[in-house]
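Single-structure report; data block below.
Read the figures in this text as sums done on the coordinates, not as results from a lab. Predicted model only: the values in this text are computed from it and were never measured. We place every Cβ from the backbone using ideal geometry, glycine too, and count neighbours over all the protein chains shown.
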Amino acid sequence: MRAPLCLTLILFSSFSPLSASPSSSCELQAQFNLNRIHKAGDFVLGGLFPIQTTSVFPELPFSSKPQDTTCYGWAQTMAFAINEINSNPSLLPNVTLGYSLYDACYTLGVAFRAALSMASGREKHFNLDESCAGSPPVLGIVVDHSSHSVAISRILGLYKVPMIRAMLQIMRQLGWTWVGVLFSDDDYGHDAARILQGELARSGLGCVAYVEVLPWDGDPAQLQRIVRVVKESTARVVIEFIYGINVVRLMEEVGPEYNIYKAVYALAHALHDMLQCVPGRGPFPGHSCATLQTIQPWQLVHYLEKINFTTSFGDHVTFDENGDALPIYDVMNWAWLPDGSAKVQHVGVFKTSASGDEELILDEDTIFWSFESTKPPRSVCSESCLPGSRVARRKGEPVCCFDCIACSEGEISNETDSTECTSCPEDFWSSPQRDHCVPKSVEFLSYHEALGISLTTISLLGTVMCAIVLGIFIYHRSTPMVRANNSELSFLLLLSLKLCFLCSLLFIGYPRLWTCQLRHAAFGISFVLCVSCILVKTMVVLAVFKASKPGGADIMKWFGSMQQRGTVLFLTSIQSTICTAWLLSASPTPHKNIQYQSDKIVYECDVGSTVGFAVLLGYIGLLSLLSFLLAFMARNLPDNFNEAKLITFSMLIFCAVWIAFIPAYISSPGKYADVVEVFAILASTFGILVSLFGPKCYLMLLKPERNTKKSIMGRGDTKT
């Protein structure tokens, strides 16, 4: 079974003795009585483990079982690995490894003394070269993963902290960002906590509450509901403290023996590679090589960094650029049984390849959780902000404590825990969920909507009515009613009214360049043609009245048929000139308007020139006002059927509609401006059609007896 944590390999530089004499003889200042197991060899490796709490050590071979079998097993493992290497002809041939295994006695002071003894030697006198410096008795020390390794490494050499990547991977896979760390109040615990804090910050798991005392009020059930991710050595202490269970037998199978085995083999492979060096091609100054007599630990470090081998169990061993061994961690789960006992079961493994790729294989379905739910608990300060919202940090709280603010209209976020919302492009708008942009809906007065259908129907109805009235007038063209009202101008007026009804259709439908250019031109010319016919008719009525008086016979020569046609044509040509100049100088064009509604594109016709549009309407208004004034002056003419009264009423309706149109048009947004204009066209056209031709059709169809010359001239017997 692979151990869940790496041990510490301590390699130290050349160690100067505590005192030296001119005769190159060094002497220890004091002798310490330390418990050790020693075996001589060409190279000696040191081991420092808490073997037992008493002073009794068995002699090799191990024929009796010590009290603390677990810790003693660590020393046994190192001795076994060295003996196995010595019997391997392909690894370190002709070289014998020895060992010095010391008991740390669970005491930091004893561990210090043992480490210094391994570094300096135990003989009272020993000779050195002229510099009073030489190779220490051991090249390296394999230390257990307790707090002793931290303190000793600071004195003797290079210390590499335990790998915590597996813990981070487990937290990340389970989605935990709000975690607490329980660490021992010693060098080992504080260093591990400091490194873990840095790794958490770099990995994004940044919310960590560092505590040295469990928030415990004496209720074991409270602590049992806290999920703990701990290393193997801490697991025993935590479970004993919380549950009162002795877990030594539970945890035997996941001890660090395998790591000790790999550590010894790593040193052996480094020594093997170093002894294969060819003089003159070495990696050291002057292309030199290390020899059996001059080997220094820093030279061994050079080769140790480059080792690359596979154990007999199939595990790959090498070191990364930081000098850390590639970890292989077993993930163990404590399952609590109904009888109160606990069972340790294997639920996953964490591996790191030589290329730096990390792989966590975790069988979540087999993990036991001490909760009612069988799913992993949620451990976050704030739930993730879903797409469509952004993270808003809470002032004075950890970075993983935040509020989720919904994106504003027109903005989106399409990632979880997004820090800001982005605006949609101009032609797009945010979806209802605010997680993606959708094309803005295009709004215009359509033939397919109810309003467009209604206006189209009314426009076609008015066109049909004009056609019917025109048919009636053609059918009764020889009657006094038609002849007396200037039939030619009446036919031309009906034709212009039909054009007015039809031009309203140009304001409905998808705006295109040709419809935008044609709609106002057609509207302006059609209405000027209509009002011009009415104006000429009014002038003819006044001329006929003047001609009936003495001395007025010559006035009619100015109002003959040619003059009437010419006047209508001249007045209409002025409007045509205005429209042409408008189209040539600043032609109306389709325009996407996003000012009225942010979530819609109002597709409309931009008039191009407001002045041109105002002049067009002003000219129509001028002719209408002139027609109204003339008709108002002739309203009391003594005819029985007074044409001037009808014209006055029709022009009154026309002017009222278009005066109301101007403020309504300006204040109407989007497509409703077109609706107002179409309504004004239809209302004013219907007003003229009904006012001027309604009474005439009524007489011709329902009162034919009154369609006589005497009746029209008011000379008949009114009683009959």
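Could you calculate the contour length gain from residue 423 to residue 370, that is, 0.36 nm times the residue separation minus the distance between their Cα atoms, to one decimal place in nm?
On the way: separation 53, 0.36 × 53 = 19.08 nm, distance 4.59 nm.
Taking 0.36 nm per residue and subtracting the Cα distance, the gain is 14.5 nm.
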So, R0 is 60 Å and r is the distance between the beta-carbons of residue 478 and residue 656; what FRET efficiency does that work out to, to 0.05? 0.95
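For the stretch 450-709, rounded, prolate or oblate, judged on the Cα gyration tensor with a ≥ b ≥ c (square roots of eigenvalues), a/c < 1.5 rounded, else prolate if a/b > b/c?
Working: a/c = 2.43, a/b = 1.81, b/c = 1.34.
Prolate, because a/c is 1.5 or more and a/b exceeds b/c.
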Amide hydrogen neighbours beyond the local backbone of residue 443, cut-off 5 Å, H modeled: 601, 602, 603
The simple spin-label model distance between residue 190 and residue 580, using points 7 Å out along Cα→Cβ, in nm, is 9.9 nm
What is the calculated FRET efficiency for residue 701 to residue 610, with r their C-beta to C-beta distance and R₀ = 56 Å, to the nearest 0.05? 0.75
What pairs in 645/710; 600/671; 645/709; 375/395 have C-alpha atoms more than 22 Å from each other? 375/395
Order by protection proxy (mean Cβ within 10 Å, highest first), peptides 306-313, 97-104: 97-104, 306-313
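Tell me whether the stretch 570-632 comes out rounded, prolate or oblate; compute the Cα gyration tensor, take square roots of the eigenvalues as a ≥ b ≥ c, and use a/c under 1.5 as the rounded threshold. Show your work: numbers first, answer last.
Details: a/c = 4.59, a/b = 1.97, b/c = 2.33.
Because a/c hits 1.5 or more and a/b fails to exceed b/c, the stretch 570-632 counts as oblate.
Evaluate the relative contact order of the stretch 389-439 (contact order divided by residue number), counting alpha-carbon pairs under 8 angstrom at least 6 apart; express in whole percent.
Dividing the mean separation by the residue count of the stretch 389-439 yields 34 percent.
Give the shape of the stretch 389-439 as rounded, prolate or oblate, defined through the alpha-carbon gyration tensor: a ≥ b ≥ c are the square roots of its eigenvalues, a/c under 1.5 means rounded, and otherwise the shape is prolate if a/b is larger than b/c and oblate if not.
On the way: a/c = 3.32, a/b = 3.02, b/c = 1.10.
Prolate is the answer for the stretch 389-439, as a/c is 1.5 or above and a/b outweighs b/c.
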Segment residue 312-residue 573, length gained on full extension (0.36 nm per residue, minus Cα span): 83.3 nm
How much length is gained on full extension from residue 406 to residue 451, taking 0.36 nm per residue of separation minus their Cα-Cα distance? 12.6 nm
